[in-house]
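Visitor: The structure is given below, and queries will be raised subsequently.
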Amino acid sequence: MSEQLLSLRDLRVSFGTRGVLRKPREVLHGVSLDVAAGETLGVVGESGSGKTTIGRAVLGLVKPSGGSIHFDGTDITAANAAKRRRLARDMQVVFQDPYSSLNPTMTIGEILTEPLVTQGSTARDARSRVRGLLDEVGLPLGAIDRLPREFSGGQRQRIAIARALAPSPRLIVCDEPVSALDLTTQARVLELLLEIQRSTGVAYLFISHDLAVVRHISHRVAVLYRGDLVETGPAAIVTKTPEHPYTERLLLAAPVADPAAQERRRAERVRLREEQRARDEQAGAVL
Amino acid sequence: MAAYILRRFVAGIVLAVLVTFITYLLLATTFDSVVRALLGPAGTDETVAAKTTQLGWDRPILVQYGDWLLHAVQGDLGRSLFTSEPVIPAVSQRLSVTLSIVLVALVLSVLLSIVLGVTAAVRGGIVDRLAQGISLVGMLIPGLLLSIGLVLVFAITLKVLPATGYTAPGDDFGRYLAAITIPVFVLVVAGTASMSAQVRGAMIGELRKDYVRTLEARGLSRRAIILKHVLRNAAAPAVTVLGFEFITMLGGAIFIEKVFALPGYGTFSLNSALRGDVPVILGITAFSVMLVVFVNLLVDLAIGWLTPKARML
Amino acid sequence: MSAEQLLNDPDLSATPRRSVLRRLARDPQAIITTTLILIIVAAGFLGPIFLAVDPNQADLRSANALPGTPGHPLGADQSGRDILARLLASAQTSAISGLIGAGVALVVGVTMGLIGGYFGRRTSAVTEWVFNLVMTFPGVLLLIVLTPVTGGDYRFTMLIFGFMLSPTIFRITRNLVMGTKQELFVDAARVSGLSNTRILGRHVLSAVRGPIIVATAFLIGTAIATQAGLAFLGIGSSAVPSFGSMVGEGFTNLTRRPLQFLWPSLVLGILTASLVLLGNALRDALEGLRTVPPRRGRTESPAEPVSMGEEDEAPLLRIRHLAIGYPSTTGEIEEVVHGVDLDVRAGEILGLVGESGSGKTQTAFAVLGLLPPEAVITRGSVQLNGRELLGLSGEELRTYRGKTIAYIPQEPMSNLDPSYRVGSQLVESLRATSTLSNREAKERVLALLARVGIPDPQRVFRMYPFEISGGMAQRVLIAGAVASRPALLIADEPTTALDVTVQAEILDLLRDLQAELGMAVLLVTHNFGVVADLCESMAVMQKGRIVETGKVRQTFAEPQADYTRTLLDSILDEDTVRTDPPVAPRDHKEVAR
């Protein structure tokens, strides 16, 4: 376990609901998973599965109500602000919405130097690093003095990736980083993420609802369903021959962009549905 | 819903107690000068001390306030220090004068604001610019100057309306209407200026929502969509403003009462405050807060009725 | 647009801060009002230095002196005090009042707003409660009531008044902060290790600045007007000249010396009006343009008739040369859809595919006659069963909408009116387009809800939209759309907002309903999987043009247009799984040059 870069053990998160008397609602019911250095772990699930909450708990944006989070062997479950600040060198984030994730009033240069200066580098070093970063994500140097609104969604996402790369982290939490992008842009941004990983060895905790995207970028895949981890394993196995019925359903539900294949998939999905219904009815009859 | 009302009501009571307590605390700093004013130039240190004891103002402040509150709960707010008039009938009598102006003004402002705001938002173009212009002019003219101007024109020059004085609606309704015309007009100008802008903004925001398009796609008439769906959803923010507008109008009425020499709440508070008539000041504060609490309760009820989602919270 | 193109665009070279200032500098309303305010304030502070006349010195010999009297350029009042000197001193009083009142409101409101909005729910609830309390105070009344406490010093009064004004600033700040806190860039800043104070100062305050500046202009005006009003009532020291007391004195002397009333009224009126107008100008500059309401009615020039070419069998929907534009900032019409031709045959499902900004949704809305009010159809024709739809009035279109043409939107939640129960919304629209009685309509709606796969129709009928799930809401909207057995259903990304498993169910439902009712469907989507699943034919749109149309199977197999090929190539292949093993991380400390 010590070789793992990130380890979650029995992670639980609850959110308080409105009103004092109501019980807090648990959205993660004890999730355990590991991310090795240089690896991509894809986390797949639908809305309400808790996939985003995992990422936010790792980043310290929500407090776990139970379990532990270890990063590089140290317990960061309840890291304080100072520890978090040190951790920011090693752990970064790319969010889904490229419009909300960049402060509209700051220039790209300010956005990219901020995390560096926070980590104690001088303004001059930070500026030269920013040039390298822009080059790395394929944006022109002139972008430095521009504002986020002058860029398209795909370009903003490149900026967000550059910001995450700035302190040369070892882990980047990617929360649906390509979901808001158009098809062609999505492919290019995924390619960029792959290239960066191959050249720097950064690990990704890659959260997405889209099996196709996850299959494309992940070494291993974990499937979440209503706050529980239902299946985890190598990408090829989980996304092609899943064991858990939910993963199977998820796989068959995504329409494939090929009319003939989709017709087969649809038939298979109907068959699976009937099977499960029959099984449920049997179980009901037994009860 | 019942729990919602109850919670609002309890919050109102707490507010009333708190405000009167703060007022009491602040007023307590002036008790000495009040006593000296009461006794006039004849007051010596001894008589001042005696009077202070007689009024109970030498006791600890919490005891004093507790005493006042206890009496207040039993419907006794004491008597004026200067005229010995009982506070409750004195305040309610003046309040009825002010409310007979403010409530009329409020209702008229609401009606006008809805018509103006809805038309501006729905029609757009020139109609909208006209409505916005009217609203801007209303905001630009200080109410004080407007009322003086109107008195000059209608009362002094044209002599069609009385310049000053008040007649209760029960005594002579015609003269009552004549007396309140200019005051109400001034309040309506200011009230409509701010409220119509609110209605317009809320309507525009609501008209852009997706459901409006979907209802239209289902074949509903534009009129039905605006009157039944858009107006109802836009009303909630506008109703919230209504509560604040009432408070603003109560404040504005003070100036107007001064200009028109109306024997209202404002004039009464002004005179009592200038004299340092402590029981009356406290009575006025208590009445105002309860009034505000009551109006806000009505506002909350209206919002709960308009937006089902608010009821759930 | 590529980054290079963007960077060479001169119009984009300004940062927002500078552009706001520039917009203000070009706005005559802002210039004139600022100048007027500055003149009055400067006169208030500098005037008394040059004009060595005591504004309080009474000289009965010059009582009610006329303007132009030596030593009294604007005359003197009843007590013989110089009016010009008193005006100047009053301007100073007003300026100080405005500064104290708005200053206190700003300091208290912004500080508490930042705290209340940024920190946890409990802090927020407490501050909210306190400020609600302050807000319900009848402010002026309380100021009057507290006269014995303030002792008549207007500065003290304005200090208290500042607290009473602070809820306005508090609310603006708190709401903006709560909104900003949701923004992901604040989360990103926290992940980057920024401290709370730095996040508040750098990321949150910058978003709050604009609206607060606007509100401050109005608050200064309110404070000045209130101070004048109190002085008019006779509250406050008579030794402090104020527009209010001057107006009051002028009022009592109105018949003999109207000018004594006019001067202070004029200056006070100009000052407060300038502040309101300046506030409006600031708001316009910060918000860009004023919020313009959607205009009633359609203003586009009548679509040019287009001659029909040779036709085989007439399609249900025939779109020819349809072009849609929007007015740009310069007032010219900028076209976003450039002459679209599209046919939908009866009973066919046609997928209209494209990326964002391709104009696919615009085209669909044009068919429904539901483009945004500012949109202009510059040319083209849209025919349903051979009848022209463009140029019809809203009432005429209503005979088609909800009967022949129906619509399913993208976002299920925002497309239901939150204030009415699900059932009553459906009954209302069904009755608007039919002659059914209330009871018949209700029965019909319940049957429809059951048909679209809602397990307990009776219960859902009585629920409010916010009580049902997104997938359920989409079923309700589908029920509403097919209620009238339309010939043409326009579905705008009907499954995009839904989870994959729910999407599959909704696609099944749409397929079944289409087969059952024999309706044509124009399905707008960006998802090729959805097209492959549901559609018979497809049209691919790019930048306002249709680049390819054809049968689905054929187009997927042999795309003709380059763009279609690029799109199909971008689809992540089902069969490729990542195979390269994780690489060893490069030493990251060394990299941090």
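Visitor: Considering only Cα-Cα distances, which of the following residue pairs are longer than 23 Å: C:K403/C:K543; B:K209/C:K543; C:K181/C:K360; B:K228/B:K309; B:K51/B:K258; B:K228/C:K360?
Guide: The answer is C:K403/C:K543; B:K209/C:K543; C:K181/C:K360; B:K51/B:K258; B:K228/C:K360.
Visitor: Label chain B by shape, choosing from rounded, prolate and oblate, from the square roots a ≥ b ≥ c of the eigenvalues of the Cα gyration tensor; if a/c is under 1.5 it is rounded, and otherwise prolate applies when a/b is larger than b/c, oblate when it is not.
Guide: oblate
Visitor: Report Rg/Rh for segment B:96-215, rounded to two decimals, where Rg is the Cα radius of gyration and Rh the Kirkwood radius.
Guide: Computed over Cα atoms, the ratio is 1.10.
Visitor: Work out the count of Lys pairs in chain A where the Cα-Cα distance is under 24 Å, with the pair 8 or more places apart or on different chains.
Guide: Here the count comes out as 5.
Visitor: How do the peptides C:146-152, C:254-260, A:134-140 rank, highest first, by the average count of neighbouring beta carbon atoms within 10 Å per residue?
Guide: By packing density, highest mean first, the sequence is C:146-152, A:134-140, C:254-260.
Visitor: May I pose another question? Take the alpha carbon atoms of segment A:163-224, find their center, do the same for segment C:187-254, and report the distance between the two centers in whole angstrom.
Guide: Each part reduced to its Cα centre gives a spacing of 49 Å.
Visitor: How much of the accessible area of segment A:105-164, probe 1.4 Å, is carbon plus sulfur, in whole percent?
Guide: Ligands and nucleic acids excluded, carbon and sulfur give 49 percent.
Visitor: Roughly how large is the B-C contact in terms of buried accessible area, totalled over both chains, probe 1.4 Å, nearest 100 Å²?
Guide: Its buried surface, counting both partners, is about 6200 Å².
Visitor: Further question: Convert 4 °C to kelvin, take the viscosity as 1.567 mPa s, use the Kirkwood radius over C-alpha pairs of chain C as Rh, and evaluate the Stokes-Einstein diffusion coefficient in µm²/s, rounded to a whole number.
Guide: The Stokes-Einstein estimate is 43 µm²/s.
Visitor: To check you understand DSSP bridge types, tell me what percent of the beta bridges within the protein assembly as shown (both residues inside) are antiparallel, rounded to 5.
Guide: Close to 55 percent.
Visitor: Angle check, please: helix A:108-118 long axis (alpha carbons) against the longest principal axis of chain A (alpha carbons), in degrees 0 to 90, nearest 10.
Guide: Approximately 90 degrees, to the nearest ten.
Visitor: Averaged over B:30-38, how many beta carbons belonging to a partner chain fall within 10 Å of each residue's beta carbon?
Guide: Across the residues of B:30-38, the mean count of other-chain Cβ atoms within 10 Å is 1.
Visitor: Carbon and sulfur: what percent of segment B:17-73's accessible surface (1.4 Å probe)?
Guide: 68
Visitor: Would you work out which of B:S147, C:G453, A:H219 lies farthest towards the positive end of the dipole of the protein assembly as shown? Charges go on Cβ: Lys and Arg +1, Asp and Glu -1.
Guide: B:S147
Visitor: Within segment C:503-527, find all residues whose amide N lies under 18 Å from a label point positioned 7 Å from the Cα of C:A561 along Cα-to-beta-carbon.
Guide: C:522-527
Visitor: So, in Å, what gap is there between the alpha-carbon centers of segment B:203-262 and segment A:83-138?
Guide: That distance is 45 Å.
Visitor: Another one. Using only protein heavy atoms and a 1.4 Å probe, how much accessible area in total is buried between A and C, to the nearest 100 Å²?
Guide: 6600
Visitor: Two decimals is fine: what's Rg over Rh for segment B:155-245, C-alpha atoms, Kirkwood radius as Rh?
Guide: Value, to two decimals: 1.24.
Visitor: With the alpha-carbon atoms as the only input, what is the per residue convex hull volume for segment A:105-164 in Å³?
Guide: Spelled out: Cα convex hull of segment A:105-164, divided by residues, is 70 Å³.
Visitor: Do you know which residues of segment C:527-562 lose at least 20 square angstrom of accessible area in the protein assembly compared with their chain on its own, with a 1.4 angstrom probe?
Guide: C:G529, C:A532, C:D533, C:R553, C:F556
Visitor: Taking the highest mean first, how do the peptides B:220-229, B:142-151 order by number of other beta carbon atoms within 10 angstrom per residue?
Guide: My ranking of the peptides, most packed first, is B:142-151, B:220-229.
Visitor: Continuing with this model, one more query. I'd like the distance between the alpha-carbon centres of segment C:341-386 and segment B:26-102, rounded to an integer number of Å.
Guide: Taking the Cα centre of each part, segment C:341-386 and segment B:26-102 sit 76 Å apart.
Visitor: Excluding C:L184 itself, calculate the net charge of residues whose Cβ lies under 10 Å from the Cβ of C:L184, where each Lys or Arg counts +1 and each Asp or Glu counts -1.
Guide: Counting the neighbours of C:L184, the net charge comes to -4.
Visitor: What is the sum of charges, Lys and Arg at +1 and Asp and Glu at -1, for the other residues whose Cβ falls under 12 Å from the Cβ of A:S47?
Guide: Residues close to A:S47 contribute a combined charge of -1.
Visitor: Taking 7 Å along the Cα-to-C-beta vector as the label spot, tell me the A:E263-C:S356 distance in nanometres, rounded to one decimal.
Guide: It is 3.5 nm.
Visitor: For the protein assembly as shown, divide the Cα radius of gyration by the Kirkwood radius and give the resulting Rg/Rh value with two decimals.
Guide: 1.02
Visitor: Give the accessible surface of the protein assembly as shown per residue, rounded to a whole number of Å², with probe radius 1.4 Å and ligands, DNA and RNA excluded.
Guide: Solvent-accessible surface per residue comes out at 43 Å².
Visitor: Here's a follow-up. Could you look at segment B:94-265 and say what percent of its accessible area is carbon and sulfur, using a 1.4 Å probe and all protein chains?
Guide: 70
Visitor: Could you state the principal axis extents of the C-alpha atoms in segment B:1-58, from the largest down, to the nearest angstrom?
Guide: So the extents along the principal axes, rounded to whole Å, are 60, 15, 13.
Visitor: Aspartates and glutamates within cross-link reach of B:K159: Cα-Cα under 20 Å, excluding same-chain residues under 8 positions apart?
Guide: Here the aspartates and glutamates satisfying the reach criterion relative to B:K159 are B:D172, B:E257.
The values are calculated or read from the model by the stated rules, or taken from the named source; none is laboratory data. Treat the numbers as computed from the prediction; the structure is a model and nothing was measured. Don't worry about glycine lacking a Cβ; one is built from the backbone with ideal geometry, like all the others, and counts go over all protein chains shown. To get the accessible areas, we keep the full protein, side chains included, count just its heavy atoms, and leave off ligands, DNA and RNA. Shrake-Rupley method; radii C 1.70, N 1.55, O 1.52, S 1.80 Å.
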